[in-house]
1. Among the numbered conditions (1) in contact with a strand residue (DSSP E or B) (Cβ under 6 Å, 6 or more places away or on another chain); (2) part of a helix (DSSP H, G or I), tell me where Pro366 comes up short.
2. Looking for something surrounded by 23 or more Cβ atoms within 10 Å (Cβ to Cβ), in a helix (DSSP H, G or I) and touching a residue at least 60 places away in the same chain (Cβ under 8 Å) - is there at least one such residue anywhere in the range 2-13?
3. From the residues in the range 186-215 that are of a type outside the set (Phe, Trp, Tyr) and free of Cβ contacts under 8 Å to residues at least 24 places away in the same chain, which one is farthest from Leu11 (Cα to Cα)?
4. Is it true that some residue in the range 200-212 is at pLDDT 95 or above, part of a strand (DSSP E or B) and either more than 16 Å from ligand 2 (Cβ to nearest atom) or surrounded by fewer than 16 Cβ atoms within 10 Å (Cβ to Cβ) (or both)?
5. Just name the residue that is nearest to ligand 2 (Cβ to nearest atom) out of those in the range 142-166 that are among the charged types (D, E, K, R) and farther than 17 Å from His291 by Cα.
6. Please determine whether any residue of the range 284-300 is in a loop (DSSP other than H, G, I, E, B), touching a Ser or Thr at 6+ places or on another chain (Cβ under 7 Å) and within 30 Å of Arg20 (Cα to Cα).
7. For the range 310-356, what are the residues that are within 29 Å of Asp387 (Cβ to Cβ) and either modelled with pLDDT under 95 or not in a helix (DSSP H, G or I) (or both)?
Amino acid sequence: MKSYISTWPPLAPEQPFPRRLAILGSTGSIGVSALKVVEEHPGLFRVAALAGGKNAARLADQAARFRPAVLAVLDDETANSLRAALPGDYAPEILVGPAAYEAIAASADSDLVLSAIVGAAGFLPTLAAAKAGKRIALANKESLVLGGRLIRQACRESGALVLPVDSEHNALFQALCGHADEDGQELARLILTASGGPFRGRDAAFLASVTPEQALNHPNWSMGAKISVDSASLMNKGLEVIEACHLYGLPVGRVDVLVHPQSIVHSLAEYVDGSQLAHLGVPDMRIPIAHCLCFPRRVELAMPRLDLAQVGGLTFERADEGLFPCLRLAREAYAASHSHPAVLNAANEAAVELFLNGAIGFMDIPLLIETALGRHAPLAVDCAAADLLAVDAEARDRARKDAGL
Ligand code: NAD
Ligand code: MG
């Protein structure tokens, strides 16, 4: 499919095993799940590099088990704690600061990069991996929202291959694979499923008073804090609509959302003849992670099998965009201009942080985002990464000021 973000994967050259794997964000929810997949299949991977943020203890534990030659952390303090916690017979190179993630992403010592940092901080490393022609297992959806056009362009120029880890996009990828239609002409629309989050069916008064603890309590998935709040506000689905547009080259009007509380059907591709192809599975991120890391090979995973008789029923309903405005805001941002999604993403990240710190209410999140989008003057479509990052920084700053902080 030529509209796919990079080379259409079935046409990409086979990548031999063992694959040399670099994980950006190894100490997070996705990173930990990925290392479980690696642990289950030790012959398929060599861990070349692990990058965490500030969790020195967890990174030290992972590093001691997988012994990569290179580690990265955000600051010197974490680097010192990390060094002190490593076993005496192992002295990896420890890189520090944001540039370290880009260096690891582009390093000649790996062929496969799992991009699993949370938020816009994942953008430059993902872009670096794309420029270096890597095979990228992409969990960091924010990088596509912020700079999807630049990542697309870098992949085209370098031959980098993006494989989507996000469960919905991985489901779509599997529903699109094997379809002979290289231009995507036979694809009618994509349907992203959404669990509806912990607040599905609640009313406006309830939403106005929810606490961070309630928002973090996702019914089906166990995830990092930021994406859990995004799932509760439906911003996660909004970001995913934009992610799907960049990955599969479709206009936003052809990417629909369907709430499916059981999280068993992970998304659907609808063709022009009315056929809908879906991917089903238990809600466990090891499935899409393993699919990307081993693609096109499938490997066994130790987890309970999906038993549809036990699930009993699968239900679907429309999303309530009145109560959950973030989904509408994301569609509007993507339609408004090339740079509005950067504002959407940055204002959302700032607002989620403020909400988690108890500084604002849950329903202030969409209000801050809408204000930020309203005042943004679009950048030229061929703007550079630095321009988008300047927009990102300004939107964060102003969202905090709008919140009175
Ligand atoms: P998380 O918060 O659990 O982990 C984030 C990781 O990024 C950690 O390793 C952390 O140390 C690192 N990190 C945080 N800030 C950083 C910074 N400024 N610089 C460098 N590293 C930094 O997040 P997660 O739930 O694992 O999500 C990671 C990404 O995957 C997000 O983009 C999320 O949207 C996406 N994703 C997650 C899931 C899931 O089930 N968790 C599903 C689909 C997509
Ligand atoms: Mg998802």
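The values are calculated or read from the model by the stated rules, or taken from the named source; none is laboratory data. The structure presented is a predicted model; accordingly, all values stated were derived computationally and were not measured. Here Cβ is always computed from backbone atoms with ideal geometry, including for glycine, and neighbour counts include all displayed protein chains.
1. Unmet condition: (1).
2. There is no residue in the range 2-13 that is surrounded by 23 or more Cβ atoms within 10 Å (Cβ to Cβ), in a helix (DSSP H, G or I) and touching a residue at least 60 places away in the same chain (Cβ under 8 Å).
3. Within the range 186-215, the first condition is being of a type outside the set (Phe, Trp, Tyr), and the residues that meet it are 186-198, 200-205, 207-215.
So of that shortlist, the ones also free of Cβ contacts under 8 Å to residues at least 24 places away in the same chain come out as 201, 205, 211, 213-214.
Working: Gly201: 44, Ala205: 52, Thr211: 48, Glu213: 45, Gln214: 45 Å.
Only one residue tops the list, namely Ala205.
4. no
5. Going residue by residue through the range 142-166, those that are among the charged types (D, E, K, R) are 142, 149, 152, 156-157, 166.
Filter once more, keeping what is farther than 17 Å from His291 by Cα: 142, 149, 152, 156-157.
Numbers: Glu142: 12, Arg149: 21, Arg152: 20, Arg156: 25, Glu157: 28 Å.
Applying the filter and picking the extreme gives Glu142.
6. Going residue by residue through the range 284-300, those that are in a loop (DSSP other than H, G, I, E, B) are 284-285, 295-300.
Going one step further and asking which of them are touching a Ser or Thr at 6+ places or on another chain (Cβ under 7 Å), we end up with 285.
From what is left, the residues that are within 30 Å of Arg20 (Cα to Cα) are 285.
Checking the range 284-300: at least one residue is in a loop (DSSP other than H, G, I, E, B), touching a Ser or Thr at 6+ places or on another chain (Cβ under 7 Å) and within 30 Å of Arg20 (Cα to Cα).
7. Pro325, Ser337, His338, Ser339, listed by residue number.
Results for (1) within 21 Å of the chain's Cα centre (by Cα); (2) among the β-branched types (Val, Ile, Thr); (3) within 16 Å of ligand 1 (Cβ to nearest atom), shown as yes or no for each residue.
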site	(1), (2), (3)
Arg152	yes, no, no
Ser158	no, no, no
Leu161	yes, no, no
Pro164	yes, no, yes
Ser167	yes, no, yes
Phe173	yes, no, yes
Cys177	yes, no, no
Gln185	no, no, no
